[in-house]
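The structure appears right after this line, and notes come after that.
The values are calculated or read from the model by the stated rules, or taken from the named source; none is laboratory data. Keep in mind that this is a model prediction, so the values were computed, not measured. Don't worry about glycine lacking a Cβ; one is built from the backbone with ideal geometry, like all the others, and counts go over all protein chains shown. Side chains are part of the model used for accessible areas, which takes the heavy atoms of the whole protein and leaves out ligands, DNA and RNA. Shrake-Rupley method; radii C 1.70, N 1.55, O 1.52, S 1.80 Å.
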Amino acid sequence: MSEWWTYSLSDFLLFSAHTYYRLFELYNLAVWPWQIVALALGVGVLALWLRGGSWRGRAIAAILAICWLWVAWAYLLVRYDTINWAAGYFAIGFMIEAALLVWSGLIRDGVRLRRGRDAATMTGFGMFGVALFVWPAIGLLFGRPMVQAEIFGIAPDPTVVATLGVVLAAERTRWELLIVPFIWCVISGATLWTMESPNAFLLPVVALIAIAVTVRK
Amino acid sequence: MFSLDRRTLLRAISAAGVAAALPRSAPAQQGRVLTRPIPSSGEALPLVGLGSWITFNVGNDRVARDACAQVMGAFFAAGGRMIDSSPMYGSSQNVIGYGLAKLGRPAALFSADKVWISSGSRGPAQIEASRQAWGVPRFDLLQVHNLLSWELHLRTLLAMKAAGQLRYVGITTSEGRRHGEFERIMRAQPLDFVQVTYNILDREAEDRILPLARDRGMAVIVNRPFQQGDLIRKFARYPLPGWAAEIGCASWAQVLLKFIISHPAVTCAIPTTTRVDHVQENLAASTGQLPDAAMRARMIAHVEKL
């Protein structure tokens, strides 16, 4: 594309905010009651986090990998692709993240979670809690119905935030696991900002917090 | 200036099954939509068409697809003909195809689409996919979208036109991009249509593109007449000027559209909308009196002070 610098973000907007959130509504109705399974997996991650056990990092990485794969297929490829021709590329990114979680977290046990009350652990735990319990209600705050809720393991944004939380709390910084989530924070934040969605700032803020905490670790 | 016999058109559309989709009132039906001839053929085209960027990209949402079909039904009922889309616009082509099928494939349709792919060799496959999405036997107009790989695609489109697989060929740009190269192509290629951005605050096309189109006998489609709604939102804060009634405008949208289509080089403006009342309002702007040069100057002077 020539003269790319003359394009603004709005030139790449393909759909309205109404269509975007309506997609979540139809998606939630279509996959019900998998939201309950996803939330149960999220609670399972919290339980593993709070309990000891040398295998808990592997188990959490496996759960997150399943969630990333589900979002790649059920949301990005099957639904989002109907309104955004770039969704297939996003799905590849989500599959790569799932593969990295399997490789780094499950096979190499690279997502061992810290114990203690240091900033990285507390921020990571808080981030996961926000993704699991607060993110579905964000739409309500901005006047959208609950049926359009974005739920961990089902929708991309809370899945990304939850993953950032886990990686932040890992004993060793796994930069390879942060790349795709950071890219998604930029893409999703830009999409929402272009649509003038009032919660467009959330994902970029989460990414900035994650970067700051990771650098200070 | 030509005008279409609306009664004949409505009768034909109703026979095609559109009547069920029509709203109870259609303001544009009160007058005849004004048309201008396509310079290369003389075929009359209504001055207001229907764009599909963003508004028709609703995926597989059945409710939203039906709403788009209603907009299309109201558009045809009010005398509209040209619907414009692109493979870049997500599901818009499929949604148009859904609407056309639901409306019984209105004979009035003037189908305008684009080719938008870097590879020249894959252009024909994309065009065929677009044609199947619309469900039309052939496109009336195909344009090279934003000049992407234009040398390769123009060769394909001109060959299709020569073979009778296409009626008109064009190129597009938006927001003033690549006007220099656009002009060079206009001078060198046998185009039927060009598509550019032009509105009451963005009049760059007036300097060279529009006069060149007249000189070269090319029809002009105007995209983004409301700057994605920004112009309407901007002016909505101000009362409609007194002179608006003199040119038959009852809203800012109609003022903005009448300014565009009153330029003698403009053949068709393609506003987008998701609402039946808005598409009726847009078509109504192509009825009645158009502003003359003095009124156009007055319109510019007024809005530039806001």
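Counting Lys and Arg as +1 and Asp and Glu as -1, each charge on the Cβ, what is the dipole of the range B:171-303 about the Cα centre in debye, to the nearest 20?
180
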Next item on the list: Report, by chain and number, residues whose modeled amide H sits under 5 Å from the one on B:Val48, excluding near sequence neighbours (fewer than 5 apart, same chain).
Entry: B:Ala269
Check: Amide H of B:Ala219: which non-local residues (sequence gap of 5 or more, or other chain) have their own amide H closer than 5 Å, using H built in the peptide plane?
Finding: B:Ser40, B:Phe193, B:Val194
Next item on the list: Could you rank B:His263, A:His18 by how accessible they are, 1.4 Å probe, largest area first?
Entry: A:His18, B:His263
Margin query: So for chain B, if I pair up every lysine 8 or more residues apart or on another chain, how many of those pairs have alpha-carbons under 21 Å apart?
Written below: 4
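Enter the buried accessible area of the B/A pair, total of both sides, probe 1.4 Å, in Å² rounded to the nearest 100.
Summed over both sides, the interface buries about 1600 Å².
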Check: What base-10 log of the normalised intensity I(q)/I(0) is obtained for the range B:128-222 from the Debye formula, alpha carbons as equal point scatterers, at q = 0.16, 0.18, 0.21 Å⁻¹?
Finding: -0.65, -0.80, -1.03
Notebook entry, point to check: Relative contact order for chain B using alpha-carbon pairs under 8 Å, separation at least 6, rounded to a whole percent?
Noted result: 21
Note to self: Just to verify a number: what accessible area does A:Cys67 come out at with the full protein assembly present, 1.4 Å probe, Å² rounded to tens?
What the structure shows: 0
Check: How many percent of all Cα-Cα pairs in the range B:152-289 sit more than 18 Å apart?
Finding: 58
Checklist line | Volume in Å³ per residue [convex hull over Cα atoms, computed for the range B:78-117] | finding: 67
Check: Projected onto the charge dipole of the protein assembly as shown (+1 at Lys/Arg Cβ, -1 at Asp/Glu Cβ, origin at the Cα centre), which of A:Leu9, B:Phe75, A:Trp193 gives the Cα projection farthest towards the positive end?
Finding: A:Trp193
Note to self: As a test of understanding, state the convex hull volume per residue of the protein assembly as shown from its alpha carbons, in Å³.
What the structure shows: 158
Checklist line | Cα-based convex hull volume of the range A:1-76 per residue, rounded to whole Å³ | finding: 156
Notebook entry, point to check: For the protein assembly as shown, what proportion of DSSP beta bridges, expressed in % and rounded to the nearest 5, is antiparallel?
Noted result: 20
Check: Using the Cα gyration tensor of the range A:93-171, with a ≥ b ≥ c the square roots of its eigenvalues, what is the shape: rounded (a/c below 1.5), prolate (a/b larger than b/c) or oblate (neither)?
Finding: oblate
Notebook entry, point to check: Roughly what would the spin-label model give for A:Val147 and B:Gln228, points 7 Å off Cα along C-beta, in nm?
Noted result: 2.9
Checklist line | Percentage of interatomic Cα-Cα distances in the range A:28-110 larger than 17 Å | finding: 54
Next item on the list: Specify the residue with the greatest mean-square fluctuation among B:Ala244, B:Ala125, B:Ala284, computed from a Gaussian network of chain B linking alpha-carbon atoms under 10 Å apart.
Entry: B:Ala125
Checklist line | Globularity ratio of chain B, using Cα Rg and 2.2 N^0.38 Å | finding: 0.94
Note to self: Please give the Cα centre distance for the range B:226-293 versus the range A:114-135, rounded to the nearest Å.
What the structure shows: 53
Item checked: Most to least accessible of A:Arg216, A:Arg144, B:Arg203, A:Arg115 (protein chains only, probe 1.4 Å) -> A:Arg216, A:Arg115, B:Arg203, A:Arg144
Item checked: Isotropic mean projected area of the C-alpha convex hull, the range B:219-306 (nm²) -> 5.5
Margin query: Just to compare against my own numbers: the Cα pair-distance distribution for the range A:1-147, 10 Å bins, whole % per bin, please.
Written below: 10, 30, 34, 20, 6, 0
Next item on the list: Work out the mean other chain Cβ neighbour count within 10 Å for the residues of B:56-64 and drop it here as an integer.
Entry: 6
Notebook entry, point to check: Averaged over peptide A:182-192, how many Cβ atoms belonging to another chain are found within 10 Å of each residue's Cβ?
Noted result: 0
Checklist line | Assigned charges on the beta-carbon of Lys, Arg, Asp, Glu; the protein assembly as shown dipole about Cα centre (debye) | finding: 560
Next item on the list: Have a look at B:Gly288, B:Thr267, B:His302 and report the one farthest towards the positive end of the charge dipole of the range B:265-306, computed about the Cα centre with Cβ charges (Lys/Arg +1, Asp/Glu -1).
Entry: B:His302
